[in-house]
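Asks: Sharing a structure with you now.
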Amino acid sequence: MRKGLDLLYRVSGGIAAFFLFMIAATIVAQIAGRFFGFTIDSTESGGFFLAGTTFMGMAHTLKAGNHVRVSLLVSKFKGPLAWLSDIWICLFAAFGCGYLTWQTASMVHDSWRFGDLSPGLLAVPFWIPQSVMLAGLAILTIAFLDELFLVLGRHSPGYATPHETALDGIEEGE
Amino acid sequence: MDILITTGVLGLALIVLLGGGLWISVTLMAVGYLAIDVFSPAPAGSLLATTVWDHSWGWALTALPLFVWMGEILFRSRLSEDMFSGLAPWVDRLPGSLLHVNIVGCGVMAAVAGSSSVTCATVGRMSLPELQRRGYNETMAIGTLAGSGTLGLLIPPSIMMIVYGISAQQSISRLFIAGIVPGLLIMALFMGYVMIWSAFNRGAVPPADEPLPLMEKLRRSRRLIPILMLIAGVIGSIYGGYATPTEAATLGVFGALGLAWVTGALSWQSFTQSLMAAMRTSCMITAIILGAAFLSVGMAFLGIPAALAAWVSGLGLSPGMLLVLLTLIYMVLGCFLEGASMIVLTTSVALPMVVGAGFDPIWFGIYLILVVEMAQLTPPVGFNLFVLHGMSGRDMWTVTKASLPFFGLLVVGVALCAMFPGIVTYLPNLMLAR
């Protein structure tokens, strides 16, 4: 179970990173196209890959402790109070994210039912990129639930990973 | 219900959730949901999904992950060492000597990294031990670094400007260009201060090394020059109108990959590491932007920004007083929020006010970024202070005291920009006029 979940976050994070690379790739194609005189419009594809990066990367980012929160007050909490506040935020976030996932599912269903197309040259059916959003949010909901059960079981959750963006590279560089 | 009471209720919900340690992006969405579901007849659930989706694939936003990635690639090359050895021969003869390496190095790094704590950490990693070894005054070494680190937000390409441009629906190209002159101004203020300080404290600065011939200077900075050219190319292509910020960022990414490849710093491992790190940072910022987008929709439904703007203009404050008031509010916010959250959270409310008072939205963006820079230097949550506290091993109080003069200089910079708005608006207007 633990291994399966960690694999899920790693794979979705990897897909997100691949999408980020694809943003750059489609834009290079656009620039090259302009240079050689044929039209490639990456305004839409770039945007869709960006959405893919954002949503597929959510769970991985949460687990790596990168999503920001104000811990000025709660970091002072000790013992049961700290435990309860951790339970409360995980519960709230899991519920909220589950609700957003459900709403997204009905949005994707509508896009599919009405055959909505993207407005640009690509005219992609909207439900395709929106499904990536749905998948990413579903994984994020799982990740929040995972964090909740970790806290309940008195394990340390992923979002509490000590984290300082600026110092990452220093440790790795040396 | 009175709209100010509604605003108060929403503000209270925001403070309680944020203070309770809930993730900022989740908090923003929750408060937005509360606004629509309780105080308006609109269907909050379907609006939530469609708003989040609509804002997640905007073209302008694609520049953000790419610039973050470019910084991550260069950050993993030997930039930090190159910065010190490459800059030292050029500034050695100035009064204040190698202290200027901190300032100029941060200025260069700022263009690469676009985030102030990264700027601070990258330059300081090499220069703090070097300056200490040569016997420089430690307070000044820490202070210059803390102050100049904040340039990361101002000198383009800056992540904060993309965040502001998205939230305020302003041209990111124009914001980038608008940041150039104020960025140089702040650098000049810092360097001027170091020169004057060293004139009064002659003993505190070790004598300069023997002057080097020009070719030797060039040889020592040979690895720095390609980076400068890459930055000039990225900014120049935006200024000249040859590329959108996103295209310029893509060129920057491939340029950075090329440089890393030539210097031998590029491996499959460093490539994937930089990509994953960029993905995480971009995810974090985008999540806040999406949360704020939904909150803005909620507040716009209730007419809160317009009502607050009308209320403020009813107070009869002069534009100057409004700015002073806003600056104080941002200083308080800066005590517990980091930069991106401050910008997205306040833009939709503050922008109608300041535009109503006759300020230019581009000018306000630069002002906002300067104020956020100042917030990086205020305890208890000044990120640059944290970074330097960690790197120098000195306590927070010493670091704060060392950076105090530079905080003062930032205030001077903001005041100058307020008195002479042309400092900000001249270049972008010139760009538009062509």
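Read-outs throughout are calculated quantities, based only on the coordinates presented, and are distinct from any laboratory measurement. On a predicted model such as this, the values are computed, not experimentally measured, just so you know. Glycine also receives a Cβ, built like all others from the backbone with ideal geometry; neighbour counts cover every protein chain displayed.
Asks: Between beta-carbons, use under 14 Å as the cut-off and find the net charge around B:Gly264, counting Lys and Arg +1, Asp and Glu -1.
Replies: Net charge around B:Gly264: +1.
Asks: Further question: For A:Lys78, give me every one of the aspartates and glutamates with a C-alpha distance below 20 angstrom, ignoring sequence neighbours fewer than eight places off in its own chain.
Replies: Reachable aspartates and glutamates: A:Asp86, A:Glu147.
Asks: Then there is this: Taking B:Lys217 as the anchor, which aspartates and glutamates have their alpha carbon closer than 14 Å to its alpha carbon, excluding any fewer than eight residues away along the same chain?
Replies: Excluding near neighbours in sequence, the set is B:Asp82, B:Asp92, B:Asp209.
Asks: Separate question: Please compute the modelled spin-label separation between B:Ser85 and B:Ala306, points set 7 Å along Cα→Cβ, answer in nm with one decimal.
Replies: Computed distance between label sites B:Ala306 and B:Ser85 equals 6.2 nm.
Asks: Which order do B:Ile3, B:Ile304 fall in if you start with the one that has the fewest other Cβ atoms within 10 Å?
Replies: B:Ile3, B:Ile304
Asks: If the elastic network links every pair of Cα atoms under 10 Å, which of B:Leu12, B:Leu48, B:Leu326 fluctuates the most in the Gaussian network model of chain B?
Replies: B:Leu12
Asks: Can you give the relative contact order of chain B as a percent, counting alpha carbon pairs under 8 Å and 6+ residues apart? Display every interim value, and only then the final one.
Replies: Details: 613 pairs, mean separation 112.3, N = 434.
Result for chain B is 26 percent.
Asks: Quote the FRET efficiency, to the nearest 0.05, computed for B:Leu218 versus A:Trp83 with a Förster distance R0 of 51 Å and r equal to the Cβ-Cβ distance.
Replies: Taking R0 as 51 Å, the efficiency between B:Leu218 and A:Trp83 is 0.25.
Asks: Here's a follow-up. Which listed residue (A:Ala17, A:Phe35, A:Trp112) has the Cα farthest towards the positive end of the charge dipole for chain A, taking +1 on Lys and Arg C-beta and -1 on Asp and Glu C-beta about the Cα centre?
Replies: Checked the options; the winner is A:Trp112.
Asks: Using every Cα-Cα pair within the protein assembly as shown, state what percent have a distance larger than 40 Å.
Replies: 25
Asks: Using a Förster radius of 41 Å, what is the FRET efficiency between A:Arg34 and B:Asn201 based on their Cβ-Cβ separation? Nearest 0.05, please. Don't jump to the answer; show the numbers that get you there.
Replies: Numbers: r = 56 Å, r/R0 = 1.37.
Calculated transfer efficiency: 0.15.
Asks: Under unit Cβ charges (Lys, Arg +1; Asp, Glu -1), what dipole magnitude, rounded to 20 debye, does region A:2-156 have relative to its Cα centre?
Replies: Magnitude of the dipole: close to 600 debye.
Asks: So, one more: Relative to the first principal axis of the alpha-carbon coordinates of chain B, what is the inclination of helix B:24-39, with its axis defined by its Cα atoms, in degrees from 0 to 90 and to the nearest 10?
Replies: With both axes taken from Cα atoms, the answer is about 20 degrees.
Asks: Percent of Cα-Cα pairs per 10 Å bin, from 0 to the last occupied bin, for region B:163-219, please list those.
Replies: Whole-percent P(r) values from 0 Å outward: 18, 22, 28, 17, 14, 0.
Asks: Could you work out the Kirkwood radius for region B:140-299, taking every pair of different alpha carbons, averaging 1/r and inverting it, reported in Å?
Replies: Numbers: mean 1/r = 0.0524 Å⁻¹.
The Cα-based Kirkwood calculation yields 19.1 Å.
Asks: At q = 0.11, 0.19, 0.20, 0.21 Å⁻¹, what is the base-10 log of I(q)/I(0) for region B:206-310 according to the Debye formula with one equal point scatterer per Cα and no solvent? Please give it to two decimals.
Replies: Log10 I(q)/I(0), no solvent term: -0.66, -1.06, -1.10, -1.12.
Asks: Given the options B:Val52, B:Val324, B:Val104, state which has the largest fluctuation in a GNM of chain B using a 10 Å cut-off (strictly under) for Cα springs.
Replies: The residue that fluctuates most here is B:Val324.
Asks: Only Cα pairs under 8 Å and at least 6 apart count here; give the relative contact order of region A:2-156 as a rounded whole percent.
Replies: Values: 154 pairs, mean separation 43.6, N = 155.
Across region A:2-156, relative contact order equals 28 percent.
Asks: Can you give the Kirkwood hydrodynamic radius of region B:239-379 from its Cα pairs, in Å with one decimal?
Replies: Numbers: mean 1/r = 0.0555 Å⁻¹.
Hydrodynamic radius (Kirkwood, Cα only) of region B:239-379 equals 18.0 Å.
Asks: Hey, with R₀ at 30 Å, roughly what FRET efficiency would B:Ala13 and B:Met321 work out to, going by the Cβ-Cβ distance, to 0.05?
Replies: Step by step, r from the Cβ atoms, then E = 0.55.
Asks: Among the lysines, which fall within straight-line cross-link reach of A:Lys3, defined as a Cα-Cα distance under 17 Å, with same-chain neighbours fewer than 8 residues apart omitted?
Replies: Those lysines meeting the cut-off are A:Lys63.
Asks: So for region B:173-242, taking the charge dipole from beta-carbon charges (+1 Lys/Arg, -1 Asp/Glu), which of B:Ile177, B:Leu189, B:Gly233 sits furthest toward the positive end?
Replies: Positive-most Cα among the choices belongs to B:Gly233.
Asks: For region B:244-264 and region B:155-179, what is the separation of their Cα centres, given in Å?
Replies: Taking the Cα centre of each part, region B:244-264 and region B:155-179 sit 20 Å apart.
Asks: Sticking to Cα atoms, compute the Rg of chain B to one decimal and its Dmax as the biggest Cα-Cα distance, whole number, in Å.
Replies: 22.1, 75
Asks: Which value, in debye to the nearest 20, describes the size of the charge dipole of region B:26-433 about its Cα centre when Lys and Arg Cβ atoms bear +1, Asp and Glu Cβ atoms bear -1, and nothing else is charged?
Replies: 700
Asks: Helix-only mean residue ellipticity at 222 nm, chain A, DSSP H runs n ≥ 4 weighted -39,500 (n - 2.57), per residue, nearest 500. What is it?
Replies: -26000 deg cm²/dmol
Asks: Need one number: nm distance between label points at B:Leu328 and B:Phe254, each 7 Å from Cα along Cα→Cβ, rounded to one decimal.
Replies: In this crude label model, B:Leu328 to B:Phe254 measures out at 5.3 nm.
Asks: Quick check: net charge around B:Ile24, other residues with Cβ under 10 Å of its Cβ, Lys/Arg +1 and Asp/Glu -1?
Replies: Counting the neighbours of B:Ile24, the net charge comes to 0.
Asks: Output needed: percent of Cα pairs per 10 Å distance bin for region B:329-386, bins running from 0 to the one holding the longest distance.
Replies: Here the calculated profile for region B:329-386 is 25, 52, 21, 3.
Asks: Work out the charge dipole of chain B with +1 on the Cβ of Lys and Arg and -1 on the Cβ of Asp and Glu about the Cα centre, then indicate which of B:Leu290, B:Trp90, B:Gly45 is farthest towards its positive end.
Replies: Value computed over the given set: B:Trp90.
Asks: Over the alpha carbons of region B:125-188, what is the largest minus smallest coordinate on each principal axis, giving the biggest first in Å?
Replies: Answer, in whole Å and largest first: 48, 21, 15 Å.
Asks: Within 10 Å of each Cβ of B:59-72, how many other protein chain Cβ atoms are there on average?
Replies: Rounded to a whole number, the mean comes out at 4.
Asks: Can you tell me which of B:Gly124, B:Gly107, B:Gly314 moves the most in a GNM of chain B? Springs connect C-alpha atoms under 10 Å apart.
Replies: B:Gly314
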